[in-house]
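All remarks here apply to the structure that follows.
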Amino acid sequence: MKKIFSFVLALVATMALNATTYYFAGNANGWNNRSTAFSGEDGILTVQIAQLDGSFKIVADGGVDEWHPQYGLDKEGGVEGIELKGPKLTLKKAVDGAEEANIKDIKVLGLGDHEAYKDAVIKIDVNNPDEVTCLLIAGTKISTVDAYQIVGAYNDWTLETAAQFEDVSGTLTATIADFNGTFKLVMNRSWDNQWGTNGNGFGLNEDYAMVKDGGNVAFANPFAGYKNATLTLNFDPSGNPILKMTAGEFYVTEDNWYFPGGINDWKINETSIFTPVDGAAKPTFEFLAAEFSGEFKVVYGNWMVEFGANEDKVAYPVNEAVTMQWPAAGNASVEGEYQDVTITIVPNYEVTTVELTISTEATNLHNLSAAKKANKRIENGRIILYQGEARFDVLGNVVK
């Protein structure tokens with residue numbers, strides 16, 4: 001019976017161990033205690049840090065708050081930090097603020113001023129949660145003097161994994177396997193120094209002057225993505241950064257098309273999404289509306305890429321193809337009210353336009369809006385609506 005009980009206790013302990021997630025929290029990730037998790041099995045876990053310097057601690061979930069339990073160095077132990085491929089450190093555990101007063105941060109040793117370890121790998125053994133051990137098993141020493149990175153949609157705007165410019169034959173160069181969406185330039189993996197858009201789109205083989213604290217930079221072609229992109233960074237005489245993409249394989253990104261407008265409270269979600277038309281000779285998408293009126297736009301992915309009218313509130317005809325422009329000067333619209341409408345778009349990904357057709361088999365429904373404001377009379381048992389000399393039935397059809 002004792003053996004069975006001991007086995008159950010061991011099993012419960014193992015399950016509890018496997019259920020615990022351990023996180024890296026330090027200078028390298030802004031001391032975020034839930035963004036950088038260790039992974040592995042059998043109690044041996046590792047994490048890779050793009051640029052490791054400064055100090056850190058290890059935090060385990062499942063405690064009384066988000067910062068406990070945490071692991072650091074014993075203040076009385078005499079050990080200051082961790083060394084690359086150095087001795088294994090046994091960490092001290094703190095389960096609350098009182099115990100935390102007895103531990104200190106783990107310093108990253110072996111680095112000079114403005115140096116860090118690139119692609120550092122930290123390994124921990126958590127088989128005994130009360131005596132976690134820690135090793136720095138890999139990393140390449142790099143200079144961090146005025147280090148610049150590209151951060152953006154391609155890496156979920158994560159500073160830690162942003163592509164860094166390195167000196168390649170005297171030129172600051174960065175490579176991105178799949179460069180898509182908007183982006184910015186930052187320095188030393190911090191939002192304190194950032195550069196963004198100058199109001200123009202970014203493209204291949206063109207110098208792009210970055211603006212301090214500017215907004216997100218978008219590609220000149222809103223549908224563009226680039227495989228194996230190579231970026232170079234230079235500076236003008238005033239020290240302002242000049243970015244250039246010298247290589248990259250263009251491709252059309254995949255995203256949803258939306259039809260936000262007054263009919264769906266201008267929402268970009270499942271209520272406004274276009275459906276691809278199978279078998280069409282060109283990329284074609286449809287949106288069905290039981291009732292349709294008012295203003296609208298066509299959006300690709302998000303509000304950064306919205307197609308509209310050449311000027312605000314241009315009224316588009318029905319059953320006739322029109323061209324929508326990017327960037328949109330204003331909302332498009334239709335006059336009157338329509339039922340059982342099919343909105344069809346055919347995007348041209350190369351010239352960044354959208355051909356739009358608003359189709360309906362119903363006739364004279366555009367008169368219905370005006371007819372509702374007319375005077376009503378009963379003639380031969382049916383309602384007749386008058387507006388001036390025009391006469392309509394309740395469906396908006398002209399009555400002679």
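The values are calculated or read from the model by the stated rules, or taken from the named source; none is laboratory data. Every value quoted in this text rests on a predicted model; they were computed, and no experiment measured them. Here Cβ is always computed from backbone atoms with ideal geometry, including for glycine, and neighbour counts include all displayed protein chains. Please note that ligands, DNA and RNA were not included when accessible areas were found on the heavy atoms of the full protein model with its side chains. Shrake-Rupley method; radii C 1.70, N 1.55, O 1.52, S 1.80 Å.
Largest first, the three principal axis extents of the alpha carbons in the range 202-247 are 32, 21, 13 Å in whole numbers. Shown here for the range 117-194: GluC sites (Glu not before Pro) in loop regions (DSSP other than H, G, I, E, B) with at most 14 other Cβ atoms within 10 Å, namely GLU131.
The chymotrypsin sites (Phe, Trp or Tyr not before Pro) of the range 204-233 include none that meets both criteria, a DSSP state outside H, G, I, E and B (loop) and at most 13 other C-beta atoms within 10 angstrom of the site's C-beta. Heavy-atom surface analysis with a 1.4 Å probe gives the range 165-206 a carbon and sulfur content of 42 percent of its accessible area. At q = 0.12, 0.18, 0.19 Å⁻¹, what base-10 log of I(q)/I(0) does the Debye formula yield for the range 152-222 when every alpha carbon is treated as an equal point scatterer in vacuo? Treating every Cα as an identical point scatterer, log10 I(q)/I(0) equals -0.31, -0.74, -0.83.
In this structure, the amide hydrogen of GLY139, modeled 1.01 Å from its nitrogen in the peptide plane, lies closer than 5 angstrom to those of VAL121, counting only residues at least 5 positions away or on a different chain. Rg over Rh for the range 57-128 works out to 0.99, using Cα positions for both radii and the Kirkwood form for Rh. Here the range 261-317 is treated as a sphere whose radius is the Kirkwood value from Cα pairs; by Stokes-Einstein at 10 °C and 1.306 mPa s it diffuses with a coefficient of 123 µm²/s. Mean projected area of the convex hull spanned by the Cα atoms of the range 167-262, taken over all viewing directions: 8.0 nm². Where the alpha-carbon atoms of the range 80-226 are placed on the principal axes, they occupy 55, 36, 26 Å, in descending order. Given all pairs of different Cα atoms, what value in angstroms does the Kirkwood hydrodynamic radius of the range 210-296 take? Averaging 1/r across every pair of different Cα atoms and inverting gives 16.9 Å. Remark on TRP266: its backbone amide H falls under 5 Å from those of GLY261, a criterion applied only to residues 5 or more positions apart or on other chains, H modelled at 1.01 Å from N. Sorting 350-357, 69-76 by their mean Cβ neighbour count within 10 Å, with the most densely packed peptide first, gives 69-76, 350-357. Cross-link pairs exceeding 29 Å between alpha carbons, from the set LYS88/LYS227; LYS227/LYS282; LYS227/LYS267; LYS123/LYS227; LYS141/LYS184: LYS88/LYS227; LYS227/LYS267; LYS123/LYS227.
Considered as an equivalent ellipsoid built on the Cα gyration tensor, the range 109-167 has semi-axes of 28, 18, 8 Å, the largest given first. For the range 321-361, the equivalent ellipsoid derived from the alpha-carbon gyration tensor has semi-axes of 22, 13, 6 Å in decreasing order.
The calculated FRET efficiency for the pair THR246 and THR46, based on their C-beta separation and a Förster distance of 30 Å, comes to about 0.30.
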